[in-house]
1. Among the candidates W76, W91, single out the residue that is of a type in the set (F, W, Y), under 25 Å from D33 (Cα atoms), touching a residue at least 24 places away in the same chain (Cβ under 8 Å) and in contact with a Gly (Cβ under 7 Å, 6 or more places away or on another chain).
2. Of these, A64, A111, which one is within 15 Å of L139 (Cβ to Cβ) and either among the aliphatic types (A, V, I, L, M) or touching a Ser or Thr at 6+ places or on another chain (Cβ under 7 Å) (or both)?
3. If N82 passes every condition in (1) in contact (Cβ under 8 Å) with a residue 60 or more places away in the chain; (2) out of contact with any Asp or Glu (no Cβ under 7 Å at 6 or more places or on another chain); (3) surrounded by 15 or more Cβ atoms within 10 Å (Cβ to Cβ) but one, which one does it miss?
4. Suppose we filter the stretch 115-132 for residues that are under 20 Å from T12 (Cα atoms) and touching a residue at least 24 places away in the same chain (Cβ under 8 Å); how many remain?
5. Can you tell me which of (1) exposed (fewer than 14 other Cβ atoms within 10 Å of the Cβ); (2) within 26 Å of I52 (Cα to Cα); (3) at pLDDT 95 or above is the one V104 doesn't meet?
6. Out of curiosity, is E44 within 21 Å of N131 (Cα to Cα) and surrounded by 13 or more Cβ atoms within 10 Å (Cβ to Cβ)?
Amino acid sequence: MSITHHQEYVLTEYDLIVSKTDLKGYITFVNDDLVRISGFSRDELIGAPHNIFRHLDMPKEAFADLWRTIAKNRTWSGLVKNKTKEGGFYWVRANISPIYKNGVTVGYMSARRKPDAAKVQVAAKVYADINAGRFKGKLNCGEVIKTDIFHTIQRKFENIKIKHKLLGLSS
């Protein structure tokens, strides 16, 4: 497969991209789907930093959120736009979790699947807004949290509804 600059590879329902890294993000394992989709050879990937796939459209804030999350031994899940060796790109729903050995974190594993197309459109807009400095919000564990006044009030009302349900105060 050869994806050229600006061309998108759309994952199929059967694609499952898996990679493992050490604690510093250097690749220790890749599966055949990652090799095929990215266009990099296995030899080019093993030992390389995982950010070899980082597309310039991805905001630095997304990866800062990712590293903050996994450094706390929590799973990060979010949409990521990756680049191919030839300069094309592909979107994934990434789930990144710590790998433990004898109770100690020794690395990270990422499993990636085809994302929902509507969610890709939203993510692309949010990431563009973040990169342009227009975004009013934050990223937390891969989730977008808007912090403008409308969304802050909306969250407070949702929390009140949840508390009422827990207390049996609403139907």
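1. Details: W91 fails: in contact with a Gly (Cβ under 7 Å, 6 or more places away or on another chain).
Within the list W76, W91, the selection yields W76.
2. Going through A64, A111 in turn, just one is within 15 Å of L139 (Cβ to Cβ) and either among the aliphatic types (A, V, I, L, M) or touching a Ser or Thr at 6+ places or on another chain (Cβ under 7 Å) (or both): A64.
3. (1)
4. The total comes to 5.
5. Every listed condition holds for V104 apart from (2).
6. Working: within 21 Å of N131 (Cα to Cα): no; surrounded by 13 or more Cβ atoms within 10 Å (Cβ to Cβ): yes.
Criteria not met by E44.
The values are calculated or read from the model by the stated rules, or taken from the named source; none is laboratory data. Predicted model, so just to flag it, every value in this text is computed and none were measured. Note that each Cβ is placed from the backbone with ideal geometry, even for glycine, and that neighbours are counted across all protein chains shown.
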